[in-house]
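Colleague: Take this structure, written in structure tokens, and hold onto it; I'll ask about it next.
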Amino acid sequence: MRIWTVQPEELYVQLKEQGVIHTNIELSEYADWDMFRSAYDWLVVQMVKRIGTPPSGVAYPFWAWHTMDWKHKKPDLRSMEFRGYSVPCVCLELEIPDNQVLLNDEENWNTILNRGYLGDATSDAEFDAEMAWFDTLPVEKQQLVQH
């Protein structure tokens, strides 16, 4: 599967020099944000369930894109999504075996990241009904459902 990841230019230099790079969550601008770390930890658990144990030395996956603007295409670093980076970045094209990739929907990821409820709705009406149900739960139960 062809996917693309956007990384700081210094990681690209490291890849060229050492032949390998790893994600370091401590370098993320969101590293101190508890919601980010807990959501990323949740993602790691989902990957282990679906893909298996990561290679030695790998704690977190790289975030990558399979689809942009409804098309399987390389991200355009000039687009709005990529303008906020504080350091120069590069886009790396990766070819990864399908069984080593966990695809998700960015909207659903944002729901998890913001500790929202991720239900099974397939329509606006179903979503509204699920949210009405969720809002009736005591705070303690909402926290259990969210994790």
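The values are calculated or read from the model by the stated rules, or taken from the named source; none is laboratory data. What you see is a predicted model, and the numbers here were worked out from it, not measured in a lab. For neighbour counting, all protein chains shown are included, and Cβ atoms are generated from backbone atoms with ideal geometry for every residue, glycine included. Each accessible area value is taken on the protein alone, full model and side chains, heavy atoms only, with ligands, DNA and RNA left out. Shrake-Rupley method; radii C 1.70, N 1.55, O 1.52, S 1.80 Å.
Colleague: In this structure, does Arg83 turn out to be at pLDDT below 85, exposed (fewer than 13 other Cβ atoms within 10 Å of the Cβ) and over 26 Å from Ile51 (Cβ atoms)? First the steps, then the outcome.
Modeller: Values: at pLDDT below 85: yes; exposed (fewer than 13 other Cβ atoms within 10 Å of the Cβ): yes; over 26 Å from Ile51 (Cβ atoms): yes.
So Arg83 passes the test.
Colleague: Next question. Look at Gly84 and say whether it is in contact with a helix residue (DSSP H, G or I) (Cβ under 7 Å, 6 or more places away or on another chain), without any contact (Cβ under 8 Å) to a residue 60 or more places away in the chain and not hydrophobic (A, V, I, L, M, F, W, C).
Modeller: Spelling it out, it is not the case that Gly84 is in contact with a helix residue (DSSP H, G or I) (Cβ under 7 Å, 6 or more places away or on another chain), without any contact (Cβ under 8 Å) to a residue 60 or more places away in the chain and not hydrophobic (A, V, I, L, M, F, W, C).
Colleague: I would also like to ask the following. Out of the residues in the range 106-144 that are acidic (Asp, Glu) and exposed (fewer than 10 other Cβ atoms within 10 Å of the Cβ), which is nearest to Ile3 (Cα to Cα)?
Modeller: Initial filter on the range 106-144 (acidic (Asp, Glu)): 106-107, 120, 124, 126, 128, 130, 135, 140.
Within this subset, residues satisfying the condition of being exposed (fewer than 10 other Cβ atoms within 10 Å of the Cβ) are 107, 120, 124, 135, 140.
Working: Glu107: 18, Asp120: 27, Asp124: 31, Asp135: 37, Glu140: 39 Å.
That would be Glu107.
Colleague: Would you be able to say whether some residue in the range 59-80 is open to solvent by 70 Å² or more (accessible area, probe 1.4 Å), without any contact (Cβ under 8 Å) to a residue 12 or more places away in the chain and under 14 Å from the mean Cα position of the chain (by Cα)?
Modeller: Checking the range 59-80: not a single residue is open to solvent by 70 Å² or more (accessible area, probe 1.4 Å), without any contact (Cβ under 8 Å) to a residue 12 or more places away in the chain and under 14 Å from the mean Cα position of the chain (by Cα).
Colleague: Looking at the range 92-102, which of its residues are exposed (fewer than 11 other Cβ atoms within 10 Å of the Cβ) and in a loop (DSSP other than H, G, I, E, B)? Lay out the reasoning, then the answer.
Modeller: Within the range 92-102, the first condition is being exposed (fewer than 11 other Cβ atoms within 10 Å of the Cβ), and the residues that meet it are 93, 95, 97-99.
Across the range 92-102, the qualifying residue is only Pro97.
Colleague: Quick one: Leu43 ticks every box in (1) of a type in the set (A, V, I, L, M, F, W, C); (2) open to solvent by 100 Å² or more (accessible area, probe 1.4 Å); (3) within 19 Å of Thr5 (Cβ to Cβ) bar one, so which box is it?
Modeller: Of (1) of a type in the set (A, V, I, L, M, F, W, C); (2) open to solvent by 100 Å² or more (accessible area, probe 1.4 Å); (3) within 19 Å of Thr5 (Cβ to Cβ), only one is false for Leu43: (2).
Colleague: Output yes when any residue across the range 73-88 is among the charged types (D, E, K, R), under 20 Å from Pro8 (Cβ atoms) and part of a strand (DSSP E or B), and no when none is.
Modeller: Checking the range 73-88: not a single residue is among the charged types (D, E, K, R), under 20 Å from Pro8 (Cβ atoms) and part of a strand (DSSP E or B).
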